[in-house]
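Undergrad: Have a look at this one before I ask anything.
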Amino acid sequence: MKDAPARLLAEFLGVFFLCIFGIGAITNGAELTGVALAHGLAIFVAIAAFAHVSGAHFNPAVTVALAATRRIGAVDAVAYIVAQLVGGLAAALVANYAYGSFKGVPALGQGVSVSTGLVVEAIATFILMITIMGVAVDSRGAFSIVAGLPIGLAIFGDIMWSGPVTGAAMNPARWFGPAIVNGDLSNALVWIVGPIVGALAAAFVYDVVIKPARD
């Protein structure tokens, strides 16, 4: 991988920003709007800072989808995912050190089944990924220069509707670090399988249906 240290550090830091901002907002008692804003701002800042370095995946589900559509090689994809997971873990460790204990592990809402959680995470991630495809991956996108803004807004909107249902991770790394540090791995498939399925569906829908229609 060319420029591997810089690219992997960028992926690590992007997820670190996302997790530390999000965990901090939740632990400090922010309501849903504040939590959504914290996550959206984190991604906006991280994309602005690091998109030119690594492409700003900051999400294993995004990396899997881009690998499946041959936009990143398999070896590079695995390295990105490891860096992302470590970034989430580091953020959770820092939060645990700073607060003594923390909130922010994605969890199913009261009465929400695993199957419903999977579907909601998949739909939320589909919305996020289709936005990423349109504004960051497709160079013809009108917002390609400031892709972090619409992507951050997509995260904000997703959290506003799906946060009470699943915690709106949309990102296995956002779940992984806090879950490991808090020792809460319950219903793990919701935040692993759901986002990956949603991201894959969005990438293929964009490539097969949306992008050719504009050629």
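Derivation of every value follows stated rules applied to the coordinates shown; laboratory data play no part. None of these values were measured; they are calculated from a predicted model. So basically every Cβ, Gly included, is an ideal-geometry build from the backbone, and we count neighbours across all protein chains shown.
Undergrad: Report P(r) for the range 94-215: all Cα-Cα distances, bin width 5 Å, range 0 to the bin holding the largest distance, values in whole percent.
TA: The distribution over the range 94-215 is 2, 12, 19, 19, 17, 13, 9, 5, 2, 1, 0, given as percents.
Undergrad: If you don't mind, another one. Neighbour counts of other C-beta atoms within 10 Å: give me THR116, THR33 arranged from fewest to most.
TA: Ranked by crowding around the Cβ, least crowded first: THR33, THR116.
Undergrad: Same structure again: So what are the ³J(HN,Hα) numbers for the range 93-98, from phi and the Karplus equation (6.51, -1.76, 1.60; θ = phi - 60°), rounded to whole Hz, Gly and Pro as x?
TA: Calculated HN-Hα couplings, in order: 5, 5, 4, 5, 5, 5 Hz.
Undergrad: Once the Cβ-Cβ distance between THR69 and ILE180 is put in as r, and R0 is 30 Å, what FRET efficiency do you end up with, to the nearest 0.05?
TA: Values: r = 29 Å, r/R0 = 0.98.
E between THR69 and ILE180, to the nearest 0.05, is 0.55.
Undergrad: For the chain, calculate the relative contact order in percent as a whole number, restricting contacts to Cα pairs under 8 Å that are 6 or more residues apart.
TA: Reported relative contact order: 31 percent.
Undergrad: Can you put TRP191, TRP161 in order, fewest other beta carbons within 10 Å first? Please list the in-between numbers first.
TA: Values: TRP191 31, TRP161 15.
Ordered from fewest to most neighbouring Cβ atoms within 10 Å, TRP191, TRP161 come out as TRP161, TRP191.
Undergrad: Next question. When you have a sec, figure out the Kirkwood radius of the range 1-87 from all distinct Cα pair distances and drop it here in Å to one decimal?
TA: Averaging 1/r across every pair of different Cα atoms and inverting gives 13.2 Å.
Undergrad: Mind sorting out which of [x] 11.9; [y] 13.1; [z] 11.0 is the real mean projected area of the Cα convex hull in nm² computed from the coordinates?
TA: [z]
Undergrad: Listing PHE16, PHE204 from the residue with the fewest other Cβ atoms within 10 Å to the one with the most, what is the order?
TA: Arranged by neighbour count, lowest to highest, PHE16, PHE204 become PHE204, PHE16.
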